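Bear in mind that the values in this text are calculations on the coordinates, not laboratory data. What you see is a predicted model; the values in this text were computed from it and never measured. Quick reminder, even Gly has a Cβ in these numbers, built from the backbone with ideal geometry, and neighbours come from all protein chains shown.
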Amino acid sequence: MIVKLKNNSSADERKEIFNLLKTHSIAFHVIENDHLIVVSKFNDKTLFKNKNVVEAIFEIETPFQLASKVWKTTTEIKVGNLEISANTFSMMAGPCSVENEEQIFKTAEFLSKSGVQFIRGGAFKPRTSPYSFRGLGVEGLKLLHKAAKQYQLKVVTEILDLSLLDDVYQYADILQVGSRNMHNFYLLNELGKIEKPILLKRGMNAKVYEWLLAAEYILSGGNQNVILCERGIRSFDPQSRNVLDIGAVALVKELSHLPIIIDPSHGTGVASRVKSASLAAAAAGSDGLIIEIHPDPSKALSDKEQALNFDEFSDLMKSINLILPHLPYGKKISQINTPVFNY
Ligand code: PEP
Ligand code: MN
């Protein structure tokens, strides 16, 4: 249950409500700036009868409350002058890992020419083997930031561990929580205390409810800027790195107000299947895509099998731009800069 207090409520009025809940031994959680009280496992509106300070009460049956669509229909996330939401289609692309200056600057230049506004790239990489390339660390963040600045792109990069927050925060516009960290509740909790947007990837074996509860950790900390990212779940079939759950787009949109984008690169694991999955994602109503590209995929230090080269990415962009205006999702303004179509 979410109790929304009036924005102009006084400290005394709020205190009265808190005391009321305390007297009834009802556990609650306050989101200060948004004037929200989250009361889990309690759905009795009558307690707040005649309480003037209460603006609205939402009875929410699901375990996730703030992530639920019951109390809020959409979330528009601002990243500078850009917006990630159901009103827009955002394209994010870049290498799996930032490898060197030439690679990241070439990529940034190409993205800027292609009209893409977000560059992705990992500086701290979660690798299955400790002997694999694990990223350039802070040096990688600096290169990514420098390249993004030169070509006026926004940076998406992974926060692998809380100890890296100060560095990542400084250089990122959007902080990515990787699939392996979706259940790192302490990290999620701390990311709730910042205001920059969080790209929360679905755990590779997480149910949608678990994913939305992971989002709830961030939201309940006070950070309302959460973007969900479906990146495929584990299956029994070795022919595919993961199974991209396209159906999760519609499901999440039924359950939550949070924007959701798709990662077809990790979702398929194979470059030749990325275009098909991307088009399916757009058609399913995804609010954007995050795609791995590389100037020379054969030389990529991580995830080379799934990286698109620049020609393949241009071809994908053409197809995406072709279908976006025809999709039945209202006015989805493309945040791809190329003036391929106008509304
Ligand atoms: C990545 O984006 O390069 C990455 C490691 O993603 P995931 O957490 O989805 O595996
Ligand atoms: Mn990768």
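What to note about this one:
- For segment 194-297, a simple Cβ point-charge model (Lys and Arg +1, Asp and Glu -1, everything else neutral) yields a dipole of about 160 debye relative to the Cα centre.
- Dimensions (Å) - the chain, Cα atoms, principal axes, largest first: 66, 44, 43
- Across segment 202-308, Cα-Cα distances exceeding 23 Å account for 30% of all pairs.
- Ser334 long-range amide H proximity, modeled H, under 5 Å: Phe89
- Each part gets one Cα centre, and for segment 4-47 versus segment 291-317 those centres are 50 Å apart.
- In loop segments of segment 142-226 as defined by DSSP, the trypsin sites (Lys or Arg not before Pro) with at most 12 further C-beta atoms inside 10 Å of their C-beta are Lys193, Lys207.
- The calculated 222 nm mean residue ellipticity attributable to helices in the chain amounts to -9000 deg cm²/dmol, summing -39500 (n - 2.57) over DSSP H runs of n ≥ 4 and dividing by all residues.
- Most fluctuating residue given options Glu312, Glu32, Glu190, as computed from a GNM of the chain linking Cα atoms under 10 Å: Glu32
- Furthest towards positive pole of dipole, Met92, Phe105, Pro259, structure part the chain, Cβ charges: Pro259
- For segment 1-88, fraction of C-alpha pairs farther apart than 16 Å, in %: 57 percent
- Unit charges on C-beta of K, R, D, E only; dipole of segment 33-93, Debye: 160 debye
- Positive-end extreme of charge dipole, segment 181-245 - chosen from Leu191, Leu212, Asn181 (charges on Cβ): Asn181
- Share of pairwise Cα-Cα distances greater than 26 Å in segment 138-297 is 27 percent (whole percent).
- For Ser256, the residues whose amide H sits under 5 Å from its own are Lys69, ignoring neighbours fewer than 5 places away on the same chain, with H placed 1.01 Å from N.
- Counted charge near Val79, where neighbours are those whose Cβ lies closer than 12 Å (Asp, Glu -1; Lys, Arg +1): -1
- Here the chain is treated with +1 on each Lys and Arg Cβ and -1 on each Asp and Glu Cβ, and its dipole about the Cα centre works out to around 360 debye.
- For segment 1-156, the percent of C-alpha pairs falling in each 10 Å distance bin, counted from 0 to the bin holding the largest distance, reads 10, 27, 18, 17, 19, 9, 1.
- DSSP beta bridges in the chain [antiparallel fraction, %, rounded to 5]: 35 percent
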